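Peer 1: There's a structure below that I have some questions on.
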Amino acid sequence: MNKFIHSVQLDEEACTGCINCIKYCPTQAIRVHNGKASITPEFCIDCGRCLRYCPHHAQTVSYDSIRDIRDYRYTVALPAPSLYAQFNNLKNIDIVLNALLSIGFNDVFEVSAAAELVSEASRAYIREHMEDAPFISTSCPAVIRLIRVKFPTLIPRLLPIKPPIEIAAEIARKRAVKKTGYAPEKIGIFFISPCPSKVAYVKSPLGIEKSSVDKVLAIKDVYPALLEHMTDDESRLKPLASSGRIGIGWNNAGGEAAGLITDNYLACDGIMSTLRVLSDLEDEKFHGLKFVELNACDGGCVGGPLNVENPYIAIAKTKKLNRILPVARTHSNDMEDLKDIDYRWNECIEYEPVFRLGESFRESLEMMGLVEELTEQLPGLDCGSCGAPTCRALAEDIVRGEATRNDCIYIFHEYIGSLSKEISFLTRSLNLSCSNNDDSIHLLEDYIQKLTTELSKKER
Amino acid sequence: MEELLTFNYTIPGDDFTRAGEASSSVKNKLKKMGLDSNTIRKVSIAMYEGEINMVIHADGGTITVEISSEKIRMILADTGPGIADIDKAMENGYSTAPEEVRSLGFGAGMGLPNMKKYTDYMNIDSTVGVGTTVTMDVRL
């Protein structure tokens, strides 16, 4: 399976070639060449940060359509707990879950219910493996992808437990098969996602070979469809909700850690802060921690770019909703079919050294020497006009053979200046000598041609 | 031995917010060179500890990192107070860090022992009142 399948994509038509996105990408995966941005698949971690900063909305997310429910005989919706935080004054989760049935799903299974089971499994795993603590949470796929390409020493710290969406999908399919008698592939499991990284996770999962989720929808698409079907007439609501504060709390930063019932944790949100925490963890700057929760989005999953509501308002709404809920409503010993779930990862995450300059250490070392030299020669403004986010990134691109020195407009400016000087010198010699006029005119023509060609290369 | 690449850093003395910038920069460069992660970890931790020491005790200094095909050498030179008793300084938990530094979570007396632990060779050349030069090697 391709390990670098992505959900974040570029709409070439919408892209104007401005350089906003290249500056915000935490892994420097975007370049602008010939007036269009492009994403290096090996570097991209699907965090979706570029989506937020592109003024032209040229970065898009590929996900599925609600119409895909027609492809299955029976469908189950798996709402992410972030979905509940989109609505004003929601007092009963059943209102949302019943509306999901009204828009066409046959059944629902809350990801927050699975999250309560995952919290339980995580508590047990950490208790049994305390010598390997601190463990890093693995519910945010963008964070796992970041660690996979940038922090090899932290891979053994990843909590090898499947994320709530996977556990929810497994339970939902098993129950649907039992209820309907249909073959498992006739059942469609639809996750309603707050972010692109979970779309990518389903296509190219981490820690397991294949995801049980069939389709991924965006909260921003499902939300408006639900509105007209929401009713607070309790007599018409089927009781479906089965999660409490622990499960729903997973929708914001610190929620997963809270489910572990320990004070001995660190919770961090936002991809740039996550990078710093990972770097410090790598240098062993923290001692005695049990758990490290990392969320790529500001505020946690409610900050995902496929949500509708402002993440901080969403957190306030979740708090309000949680006030009326019990601590947890789904426990592994509640029902027979929850007892034999396999929570553990069954595939290892391997380091992908995509940022390595050369094939070998020796080659990389030489290339690094060239990068250092080039970086010194570049103006150091990090202006981004070349299409790379920093001068150093341009130097690396040049050494990798993906850019040239003249991509730097300052260096190009000097180059054109030197060509102009040569032309004026030629013109002078042309005036002085009358004997070989033809040769000089040819030379002059050649130079003007060269100048024009170089300039036209720069034109977009 | 052939020296292939050298990086030079100046460590500012009184700024804790910048302590660790040099070791972090070296770490990122080593990752781009495709060194194995354990080696990078050793260099990064040893250099960070040394860098913090320079900030706490010596009002900064310079760090030179020399990379060859056999080893990574880190030379940390300062013109600080010097170490009066090197053997004592090498003991786990021994610290002369002032209280305000300890309150920031530094100065636990593990700096030099950790530098020794994570490197294959370490030499301390120190004269009281003149300064200290610590040389550390991590073999490749």
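Peer 1: Before rounding to the nearest 500, sum -39500 (n - 2.57) across all DSSP H runs of length at least 4 in chain B and divide by the residue total; then give [θ] at 222 nm in deg cm²/dmol. Walk me through the intermediate numbers first.
Peer 2: On the way: 5 runs with 49 residues, N = 140.
Rounded to the nearest 500, it is -10000 deg cm²/dmol.
Peer 1: Something else now. Straight-line reach only, C-alpha to C-alpha below 19 angstrom: list the aspartates and glutamates that A:Lys238 could link to, leaving out same-chain residues fewer than 8 apart.
Peer 2: The reachable aspartates and glutamates, counting only those whose Cα sits under 19 Å from A:Lys238, are A:Asp94, A:Asp107, A:Glu110, A:Glu228.
Peer 1: Right, next: Once Rh is set to the Kirkwood radius over Cα pairs, what Stokes-Einstein translational diffusion coefficient, in µm²/s, holds for segment A:260-324 at a temperature of 37 °C and a viscosity of 0.692 mPa s?
Peer 2: It diffuses with D of about 247 µm²/s by this estimate.
Peer 1: Calculate the mean, over all residues of peptide A:280-291, of how many other protein chain Cβ atoms lie within 10 angstrom of the residue's Cβ.
Peer 2: On the way: counts 3, 0, 8, 10, 7, 5, 1, 3, 0, 0, 0, 0.
That works out to 3 on average.
Peer 1: Of B:Ile11, B:Ile40, B:Ile63, which has the largest mean-square fluctuation in a 10 Å C-alpha GNM of chain B?
Peer 2: B:Ile40
Peer 1: Going through the cross-link list A:Lys91/A:Lys179; A:Lys36/B:Lys27; A:Lys91/A:Lys215; A:Lys23/A:Lys317; A:Lys3/A:Lys210, which pairs have a Cα-Cα distance over 22 Å in this structure?
Peer 2: Working: A:Lys91/A:Lys179 30 Å; A:Lys36/B:Lys27 32 Å; A:Lys91/A:Lys215 28 Å; A:Lys23/A:Lys317 32 Å; A:Lys3/A:Lys210 12 Å.
From the list (A:Lys91/A:Lys179; A:Lys36/B:Lys27; A:Lys91/A:Lys215; A:Lys23/A:Lys317; A:Lys3/A:Lys210), the Cα-Cα distance tops 22 Å for A:Lys91/A:Lys179; A:Lys36/B:Lys27; A:Lys91/A:Lys215; A:Lys23/A:Lys317.
Peer 1: Do the alpha carbons of any pairs in A:Lys150/B:Lys29; A:Lys421/A:Lys450; B:Lys31/B:Lys117 sit beyond 23 Å of each other, and which pairs?
Peer 2: Working: A:Lys150/B:Lys29 12 Å; A:Lys421/A:Lys450 13 Å; B:Lys31/B:Lys117 21 Å.
Where the Cα-Cα span goes over 23 Å, no listed pair is concerned, since all stay within it.
Peer 1: Sticking with this one: Calculate, in whole percent, how much of the Cα-Cα pair population of segment A:366-460 lies beyond 23 Å.
Peer 2: Details: 1859 of 4465 pairs.
Tail of P(r) above 23 Å: 42 percent of Cα pairs.
Peer 1: Same structure, new question: Mind telling me which of B:Val65, B:Val43, B:Val128 comes out most flexible in a GNM of chain B, alpha-carbon contacts under 10 Å?
Peer 2: Ranking B:Val65, B:Val43, B:Val128 by mean-square fluctuation puts B:Val128 first.
Peer 1: Order A:Arg323, A:Arg123, most accessible first, counting only protein heavy atoms with a 1.4 angstrom probe. Before the final figure, lay out the partial values.
Peer 2: Working: A:Arg323 180, A:Arg123 70 Å².
Descending order: A:Arg323, A:Arg123.
Peer 1: What nm distance separates the two modelled labels at A:Glu352 and B:Asp14, each placed 7 Å from Cα along Cα→Cβ?
Peer 2: Spacing of the two 7 Å Cα→Cβ label points: 4.7 nm.
Peer 1: What FRET efficiency would be calculated for the residue pair A:His56, A:Glu185, taking the C-beta separation as r and a Förster radius of 41 Å, to the nearest 0.05?
Peer 2: Numbers: r = 40 Å, r/R0 = 0.98.
After rounding, the FRET efficiency stands at 0.55.
Peer 1: How much of the calculated P(r) for segment A:8-61 lies past 19 Å, in percent of all Cα pairs?
Peer 2: Details: 138 of 1431 pairs.
Across segment A:8-61, Cα pairs with separations above 19 Å total 10 percent.
Peer 1: Shifting gears a bit: Chain A: D in µm²/s via Stokes-Einstein (Kirkwood Rh, Cα pairs, 20 °C, 1.002 mPa s)?
Peer 2: Here the translational diffusion coefficient equals 87 µm²/s.
Peer 1: Between segment B:16-87 and segment A:1-50, what's the alpha-carbon centroid distance in Å?
Peer 2: First find each Cα centre; the distance between them is then 34 Å.
Peer 1: Moving on. Per residue, how big is the convex hull of segment A:361-407 when only Cα atoms are used? Give it in Å³. Please list the in-between numbers first.
Peer 2: Working: hull volume 2.8 nm³, N = 47.
Per-residue hull volume (Cα only) is 59 Å³.
Peer 1: What's the percent breakdown of Cα-Cα distances in segment A:66-338 across 5 Å bins, shortest bin first?
Peer 2: Going out from 0 Å in 5 Å bins, segment A:66-338 shows 1, 6, 13, 18, 20, 17, 12, 7, 4, 1, 0, 0 percent.
Peer 1: Next question. What number, in percent, do you get for the relative contact order of segment B:3-139 if the mean sequence gap of Cα pairs under 8 Å and at least 6 apart is divided by its residue count? Let's see the in-between values first.
Peer 2: Working: 269 pairs, mean separation 37.1, N = 137.
Relative contact order, segment B:3-139: 27 percent.
Peer 1: Out of the total accessible area of chain B (probe 1.4 Å, heavy atoms of protein only), what percent is carbon and sulfur? List each step's numbers first, then the result.
Peer 2: Details: 2940 of 6470 Å².
Looking at chain B in its full context, I get 46 percent from C and S.
Peer 1: I've got another one for you. Using a Gaussian network model on chain B with a 10 Å cutoff between Cα atoms, which of B:Lys117, B:Lys31, B:Lys71 fluctuates the most?
Peer 2: In the Gaussian network model the winner is B:Lys31.
Peer 1: Under the definition of Cα pairs under 8 Å and six or more residues apart, what whole-number percent is the relative contact order of segment A:361-407?
Peer 2: Values: 33 pairs, mean separation 13.6, N = 47.
Relative CO of segment A:361-407 lands at 29 percent.
Peer 1: Right, another one. Counting only protein chains, not ligands or nucleic acids, how are A:Tyr182, A:Tyr84, A:Tyr312 ordered by accessible area (probe 1.4 Å), most first? Each step should come with its number before you reach the end.
Peer 2: Details: A:Tyr182 65, A:Tyr84 5, A:Tyr312 130 Å².
Result, largest first: A:Tyr312, A:Tyr182, A:Tyr84.
Peer 1: Hey, another quick one. Among A:Lys91, B:Lys88, what's the order by accessible area (1.4 angstrom probe), most exposed first? Each step should come with its number before you reach the end.
Peer 2: Values: A:Lys91 145, B:Lys88 80 Å².
Final ranking, largest accessible area leading: A:Lys91, B:Lys88.
Peer 1: On a straight-distance basis, which aspartates and glutamates could pair with A:Lys203 in a cross-link, Cα separation under 13 angstrom, same-chain partners fewer than 8 positions away excluded?
Peer 2: The qualifying aspartates and glutamates are A:Asp46, A:Asp64, A:Glu166, A:Asp214.
Peer 1: Enter the accessible area of A:Thr330 (Å², nearest 10), with the probe set to 1.4 Å and all protein chains included.
Peer 2: Near enough 10 Å² of accessible area.
Peer 1: Could you work out, residue by residue across A:361-370, how many beta carbons of other chains sit within 10 Å of that residue's beta carbon, and then give the average as an integer?
Peer 2: On the way: counts 9, 4, 2, 7, 11, 3, 2, 9, 4, 0.
What the average comes to for A:361-370 is 5.
Peer 1: Over the protein assembly as shown, what is the percentage of antiparallel beta bridges among all DSSP beta bridges, to the nearest 5? Provide the component values of the computation, followed by the final result.
Peer 2: Details: 37 of 57 bridges.
Of all bridge pairs located within the protein assembly as shown, approximately 65 percent are antiparallel.
Peer 1: Using alpha carbons only, how many angstrom separate the centre of segment A:311-343 from the centre of segment A:167-198?
Peer 2: What the calculation gives is 18 Å, centre to centre.
Peer 1: Measure off 7 Å from each Cα along the Cα-to-Cβ vector at A:Arg236 and A:Glu359, then give the distance between these two points in nanometres to one decimal.
Peer 2: If labels sit at A:Arg236 and A:Glu359, their model points lie 6.8 nm apart.
Peer 1: Please enumerate, by chain and number, the aspartates and glutamates with C-alpha under 12 Å from the C-alpha of B:Lys71, excluding those fewer than 8 residues away in the same chain.
Peer 2: Straight-distance partners of B:Lys71: B:Glu2, B:Glu3, B:Asp120, B:Asp137.
Peer 1: Then there is this: Output the relative contact order of chain A, whole-number percent, from Cα pairs under 8 angstrom with separation of 6+ residues. Could the numbers behind the result be given before it?
Peer 2: Numbers: 790 pairs, mean separation 88.6, N = 460.
For chain A, the relative contact order is 19 percent.
The values are calculated or read from the model by the stated rules, or taken from the named source; none is laboratory data. Keep in mind that this is a model prediction, so the values were computed, not measured. Reconstructed Cβ throughout: ideal geometry from the backbone, glycine too, with neighbour counts over all protein chains shown. The area values use the complete protein model at the heavy-atom level, side chains included, leaving out ligands, DNA and RNA. Shrake-Rupley method; radii C 1.70, N 1.55, O 1.52, S 1.80 Å.
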